[in-house]
Amino acid sequence: MSHHLAVTPRFSSRWGDGMGFSVVAACGIIALSLTFLIASFYLTSLEIYYSFLNREAEIRSEITKYAWNVAISVDSVSLVSENEVEIRVTNQGSIGIPESEFKHLDIIVIYYSRDGGHQIVDYLIYNPLGGEATWRVDLVLTSGTPGETLNPICPCPAAGKGLWDPGETLVIRGTLTSLANTSTSVHAYVSSPWGIGGYK
C-alpha cells in the first residue's frame, strides 16, 4: 500500500518577506516626512499671519496719527492756458508734509473740453520736471508772500528733502491731457497721502 504525501505550496511575495517589511517602513517614513512638512508650513503661515497683523496695526496707528493732524484746503483753481491749471493749496494742519511724500498726493482735475464741451477728469501724478498728466510745485507762499526759509521745497540744494510746513501755500501747476474750454469752470480735489484732502 503506497502512501501519498500532500505537499502544500508555500507562497511568498515577489520581493521576499524582508522586502515587504522595507516597503512598509518606507511608507512610514514618507508619512512622517509629510507630517513634518505640513506642520512646518502651518507654523510658517502662522508667522506670516501674525506679522501681517502687527504691520496692519502699525499702519492703522500711522493713519490715525496723521488723520488728526493733517488738513488741506484748496484755495483756488484756475486755468492759466488751455492745457495748464493752477491750484493753490494750503497746509492747514499742525504737521509738515515731507516733499518725499508728494508722489503719494492725489490730485484730480475736472474740466470741460474745448471741442465738444464734454466733461473730462484727469488724475495728475507728481513730477517736478512736468509733462502731460503731471503736477509740480511752481511756487511756495508763506503768509501770502512768495518764498520760504524753513525746510525749503525744491528747487533747493537738498532737492527732495523739503517740507510743506503748516500755513504754507503751494502754487501747483498741472498739465492736462486735453485742451480745456477756458470760459467754463474747473475744479480740483487734492488729497494727502493719508486720505485727508480738500475740494474746490
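Considering only segment 91-112, state which residues are modelled with pLDDT under 95 and of a type in the set (S, T, Y).
Of everything in segment 91-112, those that are modelled with pLDDT under 95 and of a type in the set (S, T, Y) turn out to be S94, S100.
Could you list, in sequence order, all residues of segment 102-132 that are touching a residue at least 40 places away in the same chain (Cβ under 8 Å), of a type outside the set (F, W, Y) and in a strand (DSSP E or B)?
D106, I107, I108, V109, I110, S113, I120, D122, L124
Among the listed residues S183, S191, which satisfies the condition of being out of contact with any strand residue (DSSP E or B) (no Cβ under 7 Å at 6 or more places or on another chain), of a type in the set (S, T, Y) and within 20 Å of V77 (Cα to Cα)?
Being out of contact with any strand residue (DSSP E or B) (no Cβ under 7 Å at 6 or more places or on another chain), of a type in the set (S, T, Y) and within 20 Å of V77 (Cα to Cα) holds for just one of S183, S191, which is S183.
The values are calculated or read from the model by the stated rules, or taken from the named source; none is laboratory data. Treat the numbers as computed from the prediction; the structure is a model and nothing was measured. When we count neighbours, we look across all protein chains shown, and the Cβ atoms used for this are built from the backbone with ideal geometry, even at glycine.
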